[in-house]
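A short worksheet on the structure shown next.
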Amino acid sequence: MPATRTLPQSRLRSTGGAPVTLRRGVAAAAALPLLAVVLAACGYGSQAKDDGKKADVAADAKKLSADVVKIGYFPNLTHATALVGDQEGIFQKELGGTELRSATFNAGPSEIEALNSGSIDIGFIGPSPSVNGYVKSKGQNLRIIGGAASGGVKLVVNPEKIKTLDDVKGKKIATPQLGNTQDVAFLNWVAEKGWKVDAESGKGDVSVIRTDNKVTPDAYKSGDIDGAWVPEPTASKLVASGAKVLLDESTLWPDKKFVITNIIVSQKFLKEHEDVVEAVLRGSVKTNAWIAADPDEAKASANAALEKLSGKSLPAEVIDPAWTSVQFTDDPLAATLRTEADHAVEAGLLEKPDLNGIYDLKPLNKVLKAEGKPEVADAGLGVK
């Protein structure tokens, strides 16, 4: 662990308690593939990777109630709070003599599985896998305890084929996966335009092509798609290949904010080691404060972490625009999760699940109060 620096500092919501079921006659044989798709909301694959890093723990550092805390995250810019907090030793400083062990994942299912099995205790993860994990376990396996990032999703298009938003009609637009966060957002936008698309097949006034983010740039270059509604850094990779940003999803949300990355914790770990959870949350809050105070250095740190984890860094033409489109926030933006749930239901993909109790923001609000920052709200979905 590098020396710590001195720092300036899908199955979604329901109002009822019934189990979630797929709507409109989706065959049982398709249910499990769809669940896997929705769970993989933010990823580029499905394999977990333990980075093998061991934290440097001072011999006289005070140990908290756990000897070790295991944290998972993705090697993505929308997880930069975790990338930077781990890379710079900020989390470890707050944990003292409790050892930090980190593992990286390429998709939601493997991280949720790791949380359920105890392979990790805390995870940075997108909204769809968070809610799917919660609902699938009938509210028994996790809590959302904080936010990490907002935004970073764009509609990018071939400027020779699409010059205005109305030109999207009749074109082939990629989303990462059926039912994932960006897929639902695009389907909702299409519906608001008054166009018709069958959510399951993707056929209609617009052809929705579900394409893994890893291959979307190649699909664009080959002409297989005319554009994509995708998160960063995929959007900026497409722009580097000649695409144009036609719409930033943040402009569709109040205050231009919507959740893209949450912090989740095993309910068992939270119950047994609240002091450790608070230490990780302090690390997250301080990391976000440093990112805000010195975004260029934080960007360089995140890129260094990406290079270490994936073998290569992002070029300036990709990371510079991608970085500025992501907002790093302690607030989980719970109200936007509620809205995203409504969009999924309205798209006809999902029945309304019960997410009451998915949030426990008491530890975060305790940390924020101690840091002199305002508390955050759970939009009525917190533990009672």
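The values are calculated or read from the model by the stated rules, or taken from the named source; none is laboratory data. In this text the structure is predicted, and so the values were computed from the model without any measurement. Heads up, the Cβs are rebuilt from the backbone with ideal geometry, glycines too, and the neighbour counts pull from every protein chain shown. Just the protein is used for accessible areas: all its heavy atoms, side chains included, with ligands, DNA and RNA removed. Shrake-Rupley method; radii C 1.70, N 1.55, O 1.52, S 1.80 Å.
Table for the structure above
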| quantity | calculated |
| --- | --- |
| For region 158-317, projected area of the alpha-carbon convex hull averaged over all directions, nm² | 12.1 nm² |
| Cβ-Cβ FRET estimate between D167 and D255, R0 fixed at 22 Å, reported to 0.05 | 0.15 |
| Spatially proximal lysines relative to K161 (Cα-Cα < 17 Å; intrachain offsets below 8 disregarded) | K169, K171, K172, K221, K244 |
| For region 192-349: accessible area per residue (Å², 1.4 Å) | 41 Å² |
| Diffusion coefficient, µm² s⁻¹, Stokes-Einstein with Kirkwood Rh over alpha-carbon pairs of region 159-229 at 25 °C and 0.890 mPa s | 204 µm²/s |
| Per-residue ³J(HN,Hα) for region 369-377, Karplus 6.51 cos²θ - 1.76 cosθ + 1.60, θ = phi - 60°, Hz, x for Gly and Pro | 4, 5, 8, x, 10, x, 6, 10, 10 |
| 14 Å Cα-Cα reach of K62 towards aspartates and glutamates, excluding residues that sit fewer than 8 places from it in its own chain | E94, E99, D275 |
| Listed peptides 118-126, 157-165, 183-191 by packing density, highest first (mean Cβ within 10 Å) | 118-126, 183-191, 157-165 |
| Accessible area of Y134 in the full protein assembly, 1.4 Å probe (Å², nearest 10) | 10 Å² |
| Relative contact order of region 165-312, pairs being alpha-carbon contacts under 8 Å that are 6 or more residues apart, as % | 19 percent |
| Per-pair calculated FRET efficiency, R0 = 22 Å: K366 and K268 via Cβ, rounded to 0.05 | 0.65 |
| Nearest-10 value in Å² for the accessible area of S207, using the 1.4 Å probe | 40 Å² |
| Highest-first arrangement of 271-278, 282-289, 304-311, where packing means the average Cβ count within 10 Å | 282-289, 271-278, 304-311 |
| Pairwise centroid distance, computed over Cα atoms, of region 66-131 with region 280-299, Å | 16 Å |
| Set K163/K256; K136/K268; K136/K352; K93/K271 screened for pairs whose C-alpha atoms are more than 20 Å apart | K163/K256; K93/K271 |
| Those lysines that a straight Cα-Cα span of less than 16 Å connects to K369, excepting residues fewer than 8 apart in one chain | K286 |
| Charge tally in the Cβ shell below 10 Å around V153, where Lys, Arg are +1 and Asp, Glu are -1, V153 excluded | -2 |
